[in-house]
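Step one of this worksheet: look at the structure below.
The values are calculated or read from the model by the stated rules, or taken from the named source; none is laboratory data. Treat the numbers as computed from the prediction; the structure is a model and nothing was measured. Counting neighbours? That spans all protein chains shown, and the Cβs are built from the backbone with ideal geometry, glycine included.
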């Protein structure tokens, strides 16, 4: 059985005081919940604050991005060793906003995956098609390309610990959501490709989650689909009550 993963991507919101207040409000709402693994991904400036605030709760913490190099003259960037040193466990890699606004490529994503795994961080690899791709019937082609390049050179024993987040780009921050059936079909395509690349055992073990305008009122329909192992939640994760309702779908 794959334990579902529900992750909050706070994006560029919340200063440390706000992050601490959020955790204080959130923890009592999910105190008895152990069905799912829950992860909070704040901005880098709030990582240490959130890690301290969730101590002993079972809630995990992840970073939203990292550089592929372990160190170097890369002003403004954060490395995998830095993220690991403060105690974060997960890192989001290849989010569509990183690809769109910061010119990250499939090859860059692959480099980041390898660096994260080297430093025992668990990547949440984001893949997904644009509206143009979907309307052109290229959804499967895009998912296969992004998956295969991102996982190039990854060994099966490392891949089992990874998470893949299927996030249709046209559903991120737009209020539009893939129907449960469309989401499930995309997850089937991705899991089949993982099986092709890394073996059926890895594909059966790896968690593949859905992201893209997940809200309390659609979480249950999406997350009860076969093959969908949780959610990567953006806007709806910024409020502790809203996110707790998604966690308890």
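Scanning for something farther than 23 Å from residue 213 by Cα, touching a residue at least 24 places away in the same chain (Cβ under 8 Å) and either more than 16 Å from the chain's Cα centre (by Cα) or buried (at least 16 other Cβ atoms within 10 Å of the Cβ) (or both), does the stretch 36-43 turn up at least one residue?
The answer is no; no qualifying residue exists.
Could you please give the count of residues in the stretch 3-17 that are surrounded by 13 or more Cβ atoms within 10 Å (Cβ to Cβ) and either within 19 Å of the chain's Cα centre (by Cα) or free of Cβ contacts under 8 Å to residues at least 12 places away in the same chain (or both)?
10
Looking at the stretch 139-163, which of its residues are without any contact (Cβ under 8 Å) to a residue 60 or more places away in the chain, crowded, with 23+ Cβ neighbours inside 10 Å and over 15 Å from residue 196 (Cα atoms)?
Selection gives 162 alone.
Anything in the stretch 73-88 that is out of contact with any helix residue (DSSP H, G or I) (no Cβ under 6 Å at 6 or more places or on another chain) and either closer than 16 Å to residue 119 by Cα or in contact (Cβ under 8 Å) with a residue 40 or more places away in the chain (or both)? List them, or say none.
Passing the criteria: 79, 81, 82, 83, 84, 85.
Just for helices (runs of 4 or more DSSP H) wholly inside the stretch 180-248: which have at least 2 residues that are at pLDDT below 95?
Answer list for the stretch 180-248: 180-198.
In the stretch 143-170, what residues are in a helix (DSSP H, G or I) and in contact with a strand residue (DSSP E or B) (Cβ under 8 Å, 6 or more places away or on another chain)?
Going through the stretch 143-170, the residues in a helix (DSSP H, G or I) turn out to be 143-150, 156-159, 169-170.
Within the stretch 143-170, 143, 146, 147, 150 meet the criteria.
Pick out the one residue from 51, 6, 59 that is modelled with pLDDT of 95 or more, touching a helix residue (DSSP H, G or I) at 6+ places or on another chain (Cβ under 9 Å) and more than 20 Å from residue 97 (Cα to Cα).
59
Can you tell me which of 198, 151 is over 26 Å from residue 131 (Cβ atoms) and touching a helix residue (DSSP H, G or I) at 6+ places or on another chain (Cβ under 8 Å)?
So the residue among 198, 151 that is over 26 Å from residue 131 (Cβ atoms) and touching a helix residue (DSSP H, G or I) at 6+ places or on another chain (Cβ under 8 Å) is 198.
Going through the stretch 23-33 one residue at a time, which ones are within 20 Å of the chain's Cα centre (by Cα) and within 13 Å of residue 52 (Cβ to Cβ)?
23
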